[in-house]
1. Determine whether the stretch 141-156 contains at least one residue that is surrounded by fewer than 24 Cβ atoms within 10 Å (Cβ to Cβ), on the phi > 0 side of the Ramachandran plot, at pLDDT 95 or above and not small (Gly, Ala, Ser).
2. Name the residue that is farthest from GLN561 (Cα to Cα), counting only residues in the stretch 490-517 that are open to solvent by 50 Å² or more (accessible area, probe 1.4 Å) and assigned to a loop (DSSP other than H, G, I, E, B).
3. Are there any pairs, at least 6 apart or on different chains, whose C-beta atoms fall under 9 Å, with the first in the stretch 361-381 and farther than 18 Å from PRO343 by Cβ and touching a residue at least 40 places away in the same chain (Cβ under 8 Å) and the second basic (Lys, Arg) and outside any loop (DSSP other than H, G, I, E, B), and if so, which?
4. Among the listed residues TYR176, TYR182, which satisfies the condition of being at pLDDT 95 or above, in contact with a Leu (Cβ under 9 Å, 6 or more places away or on another chain) and either closer than 27 Å to GLY619 by Cβ or surrounded by fewer than 18 Cβ atoms within 10 Å (Cβ to Cβ) (or both)?
5. Scan the stretch 159-173 and tell me whether some residue there is part of a strand (DSSP E or B) and within 26 Å of ILE53 (Cβ to Cβ).
6. For the stretch 429-459, which residues satisfy the criterion of being in a loop (DSSP other than H, G, I, E, B) and either open to solvent by 10 Å² or more (accessible area, probe 1.4 Å) or among the hydroxyl-bearing types (Ser, Thr, Tyr) (or both)?
7. Of the numbered conditions (1) touching a residue at least 60 places away in the same chain (Cβ under 8 Å); (2) surrounded by fewer than 24 Cβ atoms within 10 Å (Cβ to Cβ); (3) on the phi < 0 side of the Ramachandran plot, ARG412 satisfies every one except a single condition; which is it?
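The values are calculated or read from the model by the stated rules, or taken from the named source; none is laboratory data. A quick note: this is a predicted structure, and the numbers were derived from the prediction, not measured. Heads up, the Cβs are rebuilt from the backbone with ideal geometry, glycines too, and the neighbour counts pull from every protein chain shown. Just so you know, the surface numbers come from the protein's heavy atoms only, side chains and all, with ligands and any DNA or RNA stripped out. Shrake-Rupley method; radii C 1.70, N 1.55, O 1.52, S 1.80 Å.
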Amino acid sequence: MKKTIVCGIFALMTAAMASTALAQPVNYNSTVAMPERGLTIHFLGADNGMVRITGDGKYVLLPVEESAPDAYIRVDVNSKLEHEFNCRLAQTKVDYYVPFDLTPYRKLGKVLLDMRHPHEGRNSRPAREAMWAKHIKLSNTFDTKNTEKFRPLLHFTPIYGWMNDPNGMVYKDGEYHLSFQYGPYGSTWNNMTWGHAVSRDMITWEQLDHIIIPNGLGAIFSGSSVVDKNNTAGFGRDAIIAIFTSAGHKQIQSLAYSNDNGRTYKIYDGNPIISSDKECRDPNMFWNEKTGRWNLVLASPLEHEDIFYSSTNLKDWTFESSFGKGYGCQEGIWECPDLMQLPVRGTNEKKWVLVCNINPGFIYGGSGTQYFIGEFDGHKFTCDDAPGVTKWMDWGKDHYATVSWANAPQDRHLAIAWMSNWQYADRVPTMQFRSANSIPRELDLFRDDDGKLQMGVNPVKEFDSYRGTAIKYGSFAFNNKAVSKALPKENDGVCDIVLDLNAGSATQVDITLSNSLGEKVVMTYDIEARKFSMDRRKSGITDFSAEFPGVTAAPAPKGKQQSLRLIIDRSSIEAFDGQGRFAMTNLVFPNEPYNTITVAASKGKGKVTNLTVYPLKPGH
């Protein structure tokens, strides 16, 4: 009886609530005008809001929350779709803003942004309650001053947004052009576009407007550019020709061209120029003087192959051959190939080198750059090494998508890499931007102590002009008691260190960079094992990824005489053998700059014959 009464009361309450709900008027007005922000928002349910641009302002500032799901945004002008992209619109908090430039769309008519975001998960809110709706606004400016303590001083980074592979690198009329895989609407991978920067010396860069944006054929993935000096493509003498992967439902290769020194590009109306029934991407082309034709190498990621083509006009390509089955590292996927002819030091000999980036499969995990040495006759690449032999261009964790500049002056062979690793690139402790490039490097070949050909890697000579007044510590002996020297404080300790040593009776020499918080990076020469290693397990902030802490090692030259060059920026250490016989690139995130360098032997004693530290100046 008691149970019946309770149920009866519950039924009456439910009925009353339903009656009340039915009695409430439905709000059919979902339009909210915000004249102070120059916007009107039409709320169309929990997962949709349309933002009409009613005021003046060059940019719509989009509030971003990195942990939010991707929202899909359509840009409609006069009810016609003009552009579309993804953005992690802020749901519960605003991490930062990204600008959407209205300039090209205002010329066409009235602009409407159709925002559609998943209304599910712990970081989602109904459109009316979402933080993006509360904070989206118009502005004539976007503040790009650096807010990141780990933004490098002398490595290229995008002003804001996401960056990965270098693309379309070409030299023309005194300028080095660097395009790059760019995500302009947040600091995670998305909306792949070709960003663009130019430099006179490869160190100081000016970021310009992005040049190739996603279109009906898909997102704009990696590719390369050349100067068409003889107008073989018919777009004009000295036109810059870019060939890249259009990544839509499938991957195809497309062409664009520029007649204004790379400031703007026109999409070729005959795309695609190469198609395949297999996944293929990242075309890299060059003029082959011997054959009088263009060559192009294309990655077949899942087949672990690079594919070679030839052409007379950059538009019509003939398949020549493929290389890769069973060679080098066969893990992960193959990406971003490059093919070049390099000189062998001290000889008149030249050899062909095929660069092949892989992810995952690097010896220390994640992504890395391998290469093959051999011969190329314009049709086929023949490797000098046996299948299964793997050669690494850089022995650090943070060196990927390495490609070279086309048309470099004085027949120089200049390359640059994305300075990160796919294992943790989207989790590193920056937010205004993500990722930097390595210091550009000059490439050649040398014979190692065992007579085998290896790639030589040195920082470009232009970097030396950024050195300040040298701090010379001269020579000093060391043993198991560490000898410490101070590092410069200016520019957050960014410096260039040259250290020459004679290991003497020491079999192991430790070189340590440290700060007052006890954070440190330990670099070790194991003389008997002929190995150089770098330990960043206690380097600073490391807990953003279990894959980040670790030790990397490189083959070191034979003997007790060793020479080391260290380029230390705010979030990276690049180590080079003094003659460029190895390179090692690793990110670091110390809570305060390293201010001390120490040298010690585990046993025995040795001598530092030269320690010179150059404070580094910002770009000029």
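1. No.
2. It comes out as LEU517.
3. Cβ pairs passing all conditions: GLN370/LYS391; GLY378/ARG293.
4. TYR176
5. Yes, the stretch 159-173 contains at least one residue that is part of a strand (DSSP E or B) and within 26 Å of ILE53 (Cβ to Cβ).
6. PRO429, THR430, MET431, GLN432, SER435, SER438, ASP448, ASP449, ASP450, GLY451, LYS452
7. Going through the list (1) touching a residue at least 60 places away in the same chain (Cβ under 8 Å); (2) surrounded by fewer than 24 Cβ atoms within 10 Å (Cβ to Cβ); (3) on the phi < 0 side of the Ramachandran plot, ARG412 breaks only (1).
Yes or no, residue by residue, for (1) in contact with a Gly (Cβ under 7 Å, 6 or more places away or on another chain); (2) over 25 Å from ASN215 (Cα atoms); (3) open to solvent by less than 60 Å² (accessible area, probe 1.4 Å):
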position: SER276; (1), (2), (3): no, no, yes
position: SER300; (1), (2), (3): no, no, yes
position: ASP306; (1), (2), (3): yes, yes, yes
position: THR318; (1), (2), (3): no, yes, no
